Amino acid sequence: MSTHHISVTINDASYEGDIDSRTLLVHWIRDTLRLTGTHIGCDTTSCGACTILVDGKATKSCTMFAVQADGRQLMTVEGLEQQDKIHPLQEGFHEEHALQCGYCTPGMMMTSLALLQRNPNPTEHEIRVGISGNLCRCTGYVNIVKAIQFAAEKMQAAEEIPVSAG
Amino acid sequence: MIPGTFDYLAAHSVNEAVALLDRHGEGAKVLAGGQSLIPLLRFRLASPTILIDINRIDGLEYLHEMNGTLHIGALTRESELDNSSLIRERYPILFETSTVVADPVVRNWATVGGNIAHADPANDHPATMLAMGARIVAVGPESERILPVEEFFTDVPFETTLRPNELLTEIRVPAPVHGSGGAYLKLERKVGDYAIAGVAAYITLDNNGNVSYAGIGLTNVGQAPIKARDAEQALLGKQLNDAGIHQAADLAAAAAQPLSDTRGPAEYKRDMVRTLTVRALRKALARATGGE
Amino acid sequence: MATEVHAHGLGEAYKRKEDARFIRGQGNYVDDVQLPGMLYGDIVRSPYGHALIKNIDISEALKVPGVLAVITGKDLDAAGLAWMPTLSADTEAVLALDRVHYQMQEVAFVVATNRYAAADGVAAVDVDYEPLPVLVDPKKALDPDAPLLRPDKKDKQPTNQIYHWETGEREATEAAFAEAELNGVVVRQEMFIPRIHPAPIETCGCVADFHKATGKLTVWMTSQAPHAHRTLFAIVAGLPEHRIRIISPDIGGGFGNKVPIYPGYVCAVVASITTGKPVKWIEDRTENLSSTGFGRDYHIKAEVAAGKDGNVQALRVHTLADHGAFDAAAQPTKFPAGLFHICTGSYDFKNAFVEVDAVHTNKAPGGIAYRCSFRVTEASYLIERIMDSLAREVGKDPAQLRLQNFIKPEAFPYRSALNWTYDSGDYEAALLLAMKNVDYEGLRREQAEKRVRGELMGIGISSFTEIVGAGPGKHFDIAGIEMFDSCEIRVHPTGKALARIGVQTQGQGHETTFAQIIAAELGMSPDDIDVEHGDTDTAPYGLGTYASRSTPVAGAATALAARKVRDKAKKIAAYLLEVGEEDLEWEPGRFYVKGTPGKGKTIQELAFAAYTNCPPYLEPGLEAVNYYDPPNLTYPFGSYICVVDIDRGTGEVHIRRFMAVDDCGTIINPMVVEGQIHGGLTQGLAPAMYEEISYDEDGNIHGGNFQDYLIPTSMETPHWETDKTCTPSPHHPIGAKGVGESPTVGAPQAIANAVVDALSHVGVRHIDIPITPWKVWNILKEKGLTSD
């Protein structure tokens, strides 16, 4: 089995490591880097609890080897909060009660982030399609849809605030 | 859940990938999107000695229409098709295929080339490519071959006529002509599942409204993707009316070789081929005549 | 004893306090725990459904770099741990000794320095099996030529029958049926509720950490009942209970899956004791679905005797229960079939008789799980399905048939024919509200018009009665431990409080809702009250969270503990204000002198005084504990109405609308309640149309991974509509009943009833769940109703 030295940017910070070729990205993130916000929920790439962003794309990190992340930019749930300010998605999930046990939540938010980046004003149907690769057992999805709508509105309002003069 | 051991190399060009395949032979497996391969590795159902990662190869992800042909780079992600206005507007059958592959997150990495090369009879693109009469570009160490997609699949699941030292680099789909239309319908138990049955139908009508081209492909109702030739033949040279549609649907159902499993009894799947063929042909006809 | 809703705390849609860590990905789940020197365990499992073990060769596994040890059944047997008791008075193999009883049964435990080596170790263990005949059909379990699956207990149990249980009045019921055969109506229906699995997104696991020097064992564990598990570990493993600490950290969903003790936990503990190092064991999804506690698997024959007018007289039920290889069902010990005899439901049956025969098969062990309130899902399904059949038989609308048979509000407390005393209910109000919300008359008109055009539309009703809050100690125990629960509150000098409870959230929001209960009693802000649970070293003894018992039992303990705090505060107030206690009035947050509202003391001032200026006749400090033995269970209820349309070309069922009216008595937090209902409805939809675990005749499991076990996504799940009525529980200190499982109890049959309703005009009376497109299609074909 080959081993590889990798350099990866995660949440704007640099990480390096020596890993076996078969090390799954999710295990490297969780067990080695101790970014445990990303979770494991299945073994058939079905549940999406492990979803992170890789070069801006929502990615099930259990279905990628760490070595494939070499040189790439990753974002995990830990990167949502910036300078002590939570992201509109985090705020929306809290305001709309879109989480109960919290286990699917990081993956759900990362998928939602990518969705909103590509489609800032999605319809309910588009949201449901967009999160159909992320399973939740607790919420029945109704409030997750509302949380994403909350975040969409907030993010659009932030876009519309003109850069202040002077 | 945890894969066995293997070596890993990333190729940075098609030539490099092909050279590696040539050197390592049957023990090598190409890693493209990985959304089918990696789960197999995690369950230790496949044990390659070396993975050749082709994701670092520049210039294999593209969608462009040129001289009557849509060229799809093998590494093009399903989500690219989902988000492409070219595909949605001019190739709705392809849009209807890509948007039902697995789920949207998997589609960010799953590739069109991989969906075809993996040759899982449950994959969705093969039926559509068969219906559209697509061609496959296979690059080997000495040469490049272009073969019709119907010569790419065999009657054995997960097997293709791609040689061990060849890489699938491009899929070529005929561009739509006036009077053509297609549709892909997939019946699934839930979003993200493989098809209970899937039908791709593509037709072209000549100036008199007779069918000059008919392609019908079936998903997951046999050991390999199925080209429903009798059904296609029955449509040619005639007006496409409901009676003809039903006759073709019966023939497509007869061409199916489904097995009973957790996605339904064989007879049900066969009935669904019939229903989906009717619906797909109706939709294809509507698109061909500008009705949709 | 109706209780007032206090202004501050109860009934508020308070945003959840626990969210702060989860939205940041800073939850602390078991697999997040990493300790220095920690080892990893992984399990070798049987590919056979029934086989003798001839030999286990671990030599190659021991050569795998990183593998330190391989524990087998023989090793455990030497310590008397190869078998362990279940919660249902059976025994269960921890690691198989001479034979395996189901596919994926645990055979050996590999201990290694890292996850990957442990997996390699598992792959390298070579087990020599000799297959035996497999028994997967429970109906054949008692055939004379059936293989005896449990030779280990053949002296006590010479066949595959585990128990026969019955309740009710057999003779009186038989007489009622005889009468109905002559002068009334008898309706019969066989129903199969297949095996399903709770499948929380977080699988089960633990980190076991034994310190040789102190003799202390700490286990981080996905446990819904940490104290009970601690006591069981002490009894089963012979470890001193005061040196066992179970910590349920954050748990990613339970739904009953995390109530039993699994072999993986025991092996991890043994491995930690043997190696002196922490040992982590986390199962993967396939292991979770294939070996941990399933739910349902009931083969039911239900019969109703009624008058020709549809007034019900008697209910008779026989059930064949398939418990798999070991009866590891989790329920109060005196009720082997759980609370199944709530099956007279919301209707005034004069007589009833229920029998349950349980058998072993070569399948994973268990029986009671998946948000079922101890078999109430099964009970409610059968009665709601058969009431619909009765409606067809007597030619009445299903809503009308229910309304005429509901237990009337004035009949409460109502003693059912099977001896449950329902605390309160107003079933008619809930159903009428649901009907009004969906414009039931309008829907029936629409259905009639559509039928003429050949369109298939159905309306299904489920008017369920739940039974939760186990329960009074003299009847309800888990492994012998009475099912009380507890709360301990300590108010600090500066007026902030820390409360600890004996129940265990897995997403139900206790850190918020229990703070609200205390806030309401003491007039404090929920922000000033932190609620902890899950650490058996600090939390008072409780029986955990499942079967919707937290609010009814621990919620009561919490309210009463808070009242004890308030009572002591009152004494301190009387002392400070120099009046008698009888001269004091309470308003949220303060005591004041009657007639002189300006003269008072806030709860914060009283807390401070408890430490700084305490009456000499009182103990200093301000804290209280309550262990609550409930006088009765509670009976939430509701009416659900589901509208479906059927695709005549494929048999697919589309849920157009689902209206859920729930009554859980006093609502602590309406936002949390609504979230519970959304989630529970989704877990009711799932068995109705998607989820099923089955075994083929060779004992191979189907549905053992998320590709085949169909958890609904956002696309299958409808937009749930909810509404409520409020009938408080008269015996609960704040009138609350609990709600978490009402929707899983009520929903599946609303959907099933809707599909049957869509086809009732062509004579369809029943379709077994899950209602797959091909089941519907077969009926359409048979009735000549298929189309493109």
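Of the set (1) within 11 Å of another protein chain (Cβ to nearest Cβ); (2) buried (at least 24 other Cβ atoms within 10 Å of the Cβ); (3) more than 20 Å from the chain's Cα centre (by Cα), all apply to residue C:661 but (1). Checked against (1) closer than 18 Å to residue C:670 by Cα; (2) of a type outside the set (S, T, N, Q); (3) within 14 Å of chain A (Cβ to nearest Cβ), residue C:687 meets all criteria but (1). Of all residues in the stretch C:674-684, none are in contact with a strand residue (DSSP E or B) (Cβ under 9 Å, 6 or more places away or on another chain), aliphatic (A, V, I, L, M) and more than 14 Å from chain A (Cβ to nearest Cβ).
May I ask you to verify whether residue B:23 is outside any loop (DSSP other than H, G, I, E, B), within 17 Å of the chain's Cα centre (by Cα), surrounded by fewer than 17 Cβ atoms within 10 Å (Cβ to Cβ) and away from chain A (no Cβ under 13 Å)? So residue B:23 does not fit the description; no. With respect to residue C:455, is the statement that it is in contact (Cβ under 8 Å) with a residue 24 or more places away in the chain and out of contact with any strand residue (DSSP E or B) (no Cβ under 7 Å at 6 or more places or on another chain) true? It is true that residue C:455 is in contact (Cβ under 8 Å) with a residue 24 or more places away in the chain and out of contact with any strand residue (DSSP E or B) (no Cβ under 7 Å at 6 or more places or on another chain).
Taking strands (runs of 3 or more DSSP E) as the structural unit, those lying wholly within the stretch C:22-81 and holding at least 2 residues that are within 27 Å of residue C:326 (Cα to Cα) and within 13 Å of another protein chain (Cβ to nearest Cβ) correspond to C:39-45. Which one of C:734, C:769 is touching a Leu at 6+ places or on another chain (Cβ under 7 Å) and either within 14 Å of chain B (Cβ to nearest Cβ) or β-branched (Val, Ile, Thr) (or both)? Of C:734, C:769, the one residue that is touching a Leu at 6+ places or on another chain (Cβ under 7 Å) and either within 14 Å of chain B (Cβ to nearest Cβ) or β-branched (Val, Ile, Thr) (or both) is C:734. Residues in the stretch C:409-439 that are surrounded by fewer than 18 Cβ atoms within 10 Å (Cβ to Cβ) and within 23 Å of the chain's Cα centre (by Cα): C:419, C:421.
Annotation note: of C:136, C:100, C:94, C:111, the sole residue that is within 30 Å of residue A:1 (Cα to Cα), more than 14 Å from chain B (Cβ to nearest Cβ) and surrounded by 15 or more Cβ atoms within 10 Å (Cβ to Cβ) is C:111. The set of residues from the stretch C:695-711 being more than 7 Å from every other protein chain (Cβ to nearest Cβ) and under 23 Å from the mean Cα position of the chain (by Cα) comprises C:703, C:704, C:709. Within the stretch A:53-70, restricting attention to residues that are farther than 11 Å from residue A:26 by Cβ and touching a His at 6+ places or on another chain (Cβ under 9 Å), the residue that is farthest from the other protein chains (Cβ to nearest Cβ) is A:70.
Being among the polar types (S, T, N, Q) and surrounded by fewer than 24 Cβ atoms within 10 Å (Cβ to Cβ) is the filter here; which residues of the stretch C:237-289 pass it? Residues satisfying the conditions are C:274, C:275, C:286. Within the stretch B:199-207, does at least one residue satisfy the condition of being over 23 Å from residue B:160 (Cβ atoms), surrounded by fewer than 19 Cβ atoms within 10 Å (Cβ to Cβ) and either within 14 Å of chain C (Cβ to nearest Cβ) or in contact (Cβ under 8 Å) with a residue 60 or more places away in the chain (or both)? So far as the stretch B:199-207 goes, no, none of its residues is over 23 Å from residue B:160 (Cβ atoms), surrounded by fewer than 19 Cβ atoms within 10 Å (Cβ to Cβ) and either within 14 Å of chain C (Cβ to nearest Cβ) or in contact (Cβ under 8 Å) with a residue 60 or more places away in the chain (or both). Checking each residue in the stretch C:668-694 for being within 15 Å of the chain's Cα centre (by Cα) and hydrophobic (A, V, I, L, M, F, W, C) picks out C:677, C:681.
Results for (1) surrounded by 24 or more Cβ atoms within 10 Å (Cβ to Cβ); (2) within 12 Å of another protein chain (Cβ to nearest Cβ); (3) of a type in the set (Lys, Arg), shown as yes or no for each residue.
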{"residue": "C:639", "(1), (2), (3)": "yes, no, no"}
{"residue": "C:650", "(1), (2), (3)": "yes, yes, no"}
{"residue": "C:693", "(1), (2), (3)": "no, yes, no"}
{"residue": "C:714", "(1), (2), (3)": "yes, yes, no"}
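Taking the numbered list (1) free of Cβ contacts under 8 Å to residues at least 60 places away in the same chain; (2) under 30 Å from residue C:430 (Cβ atoms) in turn, residue C:729 passes all entries but (1).
Do we have residue C:15 as closer than 24 Å to residue C:133 by Cα, surrounded by fewer than 18 Cβ atoms within 10 Å (Cβ to Cβ) and of a type in the set (Lys, Arg) here? No: the conditions fail for residue C:15. Could you list, in sequence order, all residues of the stretch C:542-601 that are basic (Lys, Arg) and in a strand (DSSP E or B)? Residues satisfying the conditions are C:590, C:599, C:601.
Scanning the stretch B:78-101 for residues that are in contact (Cβ under 8 Å) with a residue 40 or more places away in the chain and either in contact with a Gly (Cβ under 6 Å, 6 or more places away or on another chain) or polar (S, T, N, Q) (or both) yields a count of 2. Of all the residues in the stretch C:296-347, those that are surrounded by fewer than 24 Cβ atoms within 10 Å (Cβ to Cβ), under 26 Å from residue C:480 (Cβ atoms) and of a type in the set (S, T, N, Q) number 1. Quick one: in the stretch A:28-52, of everything that is closer than 15 Å to residue C:116 by Cα and surrounded by fewer than 22 Cβ atoms within 10 Å (Cβ to Cβ), which residue is farthest from the other protein chains (Cβ to nearest Cβ)? The extreme case among them is A:32.
For the stretch A:1-22, enumerate the residues that are more than 9 Å from chain B (Cβ to nearest Cβ), of a type outside the set (Asp, Glu) and not in a strand (DSSP E or B). Within the stretch A:1-22, A:11 is the sole residue that qualifies. Restricted to the stretch B:80-94, and to residues there that are within 13 Å of another protein chain (Cβ to nearest Cβ) and not in a loop (DSSP other than H, G, I, E, B), the residue that is nearest to residue B:64 (Cα to Cα) is B:80. Looking only at residues of the stretch B:208-243 that are more than 14 Å from chain C (Cβ to nearest Cβ) and in a helix (DSSP H, G or I), we find that the one that is surrounded by the fewest Cβ atoms within 10 Å (Cβ to Cβ) is B:233.
For the stretch A:89-136: of the residues being of a type outside the set (Asp, Glu), within 22 Å of residue A:158 (Cα to Cα) and in contact with a Phe, Trp or Tyr (Cβ under 7 Å, 6 or more places away or on another chain), which is surrounded by the fewest Cβ atoms within 10 Å (Cβ to Cβ)? Here the answer is A:92. For the stretch C:567-626, filtering for residues that are out of contact with any Pro (no Cβ under 7 Å at 6 or more places or on another chain), loosely packed, with under 15 Cβ neighbours inside 10 Å and under 25 Å from residue C:557 (Cβ atoms) leaves 6.
Here is a yes/no grid of residues against (1) within 13 Å of chain A (Cβ to nearest Cβ); (2) more than 19 Å from residue A:50 (Cβ to Cβ); (3) of a type outside the set (Ser, Thr, Tyr); (4) surrounded by fewer than 24 Cβ atoms within 10 Å (Cβ to Cβ):
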{"position": "B:13", "(1), (2), (3), (4)": "no, yes, no, yes"}
{"position": "B:33", "(1), (2), (3), (4)": "yes, no, yes, no"}
{"position": "B:44", "(1), (2), (3), (4)": "yes, yes, yes, yes"}
{"position": "B:49", "(1), (2), (3), (4)": "yes, yes, no, yes"}
{"position": "B:59", "(1), (2), (3), (4)": "no, yes, yes, yes"}
{"position": "B:68", "(1), (2), (3), (4)": "no, yes, yes, yes"}
{"position": "B:105", "(1), (2), (3), (4)": "yes, no, yes, no"}
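Throughout, read-outs are computed from the coordinates displayed, never taken from laboratory work. Bear in mind that the values here come from a model prediction, so they are computed numbers and not experimental data. Using ideal geometry, Cβ is built from the backbone for each residue, glycine included, and neighbour counts are taken over all protein chains shown.
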